[in-house]
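Below you'll find the structure, written out as structure tokens, and then a few comments.
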Amino acid sequence: MAYDDGNVFAKILRGEIPCARVAENGHALAFNDINPQAPVHVLVIPKGRYVSSDDFYTTAPAGEIAAFSALVAQVARDAGIDATGYRLIANHGAEGGQEVPHFHMHVMGGRPLGPMLSRKTGP
């Protein structure tokens, strides 16, 4: 899948759409989710043009991956959820529930989040 420069996160990075900025470094931006599913729900996005987690982790330079990971950890610490626990979610592709075709990580916490997936019968 080719990168779409018209996606909402690309527009946020260009300053065309505002966001509630939480943290930033040279390679990544963190901002509050507009539809939070937990008391802390922050999105962390790389500033580069990466469609998915696979695209990011296979093509981004090591320094960019390290900076992204460091910002994810900083967000959890700054929100005070590192001591109690939190969930990191990166959806990949249609069946994984990815809605925006720009790699992003959800950092969620601030309450017990329950089981990861609901149980369903059948494969």
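The values are calculated or read from the model by the stated rules, or taken from the named source; none is laboratory data. In this text, all values refer to a predicted model and were calculated from it rather than measured experimentally. Positions of Cβ are backbone-derived with ideal geometry, glycine not excepted, and every protein chain shown enters the neighbour counts.
Structural remarks
- Conditions (1) outside any loop (DSSP other than H, G, I, E, B); (2) surrounded by 11 or more Cβ atoms within 10 Å (Cβ to Cβ): number failed by Thr58: (2)
- For segment 46-55, the candidate set comprises residues that are out of contact with any Gly (no Cβ under 7 Å at 6 or more places or on another chain) and part of a loop (DSSP other than H, G, I, E, B); within that set, the residue that is surrounded by the most Cβ atoms within 10 Å (Cβ to Cβ) is Tyr50.
- Residue that is outside any helix (DSSP H, G or I) and surrounded by fewer than 16 Cβ atoms within 10 Å (Cβ to Cβ), where the choices are Leu43, Leu29, Leu117: Leu117
- Within segment 7-22, no residue that is at pLDDT below 95 sits with its Cβ atom under 7 Å from a residue that is of a type outside the set (Asp, Glu) at 6+ positions apart or across chains.
- Looking at Ile81, Ile17, Ile34, just one residue is in a loop (DSSP other than H, G, I, E, B) and under 10 Å from Val107 (Cβ atoms), and that residue is Ile81.
- Residue in segment 32-39 that is out of contact with any Lys or Arg (no Cβ under 9 Å at 6 or more places or on another chain), farther than 27 Å from Gly114 by Cα and either among the charged types (D, E, K, R) or surrounded by fewer than 19 Cβ atoms within 10 Å (Cβ to Cβ) (or both) present: no
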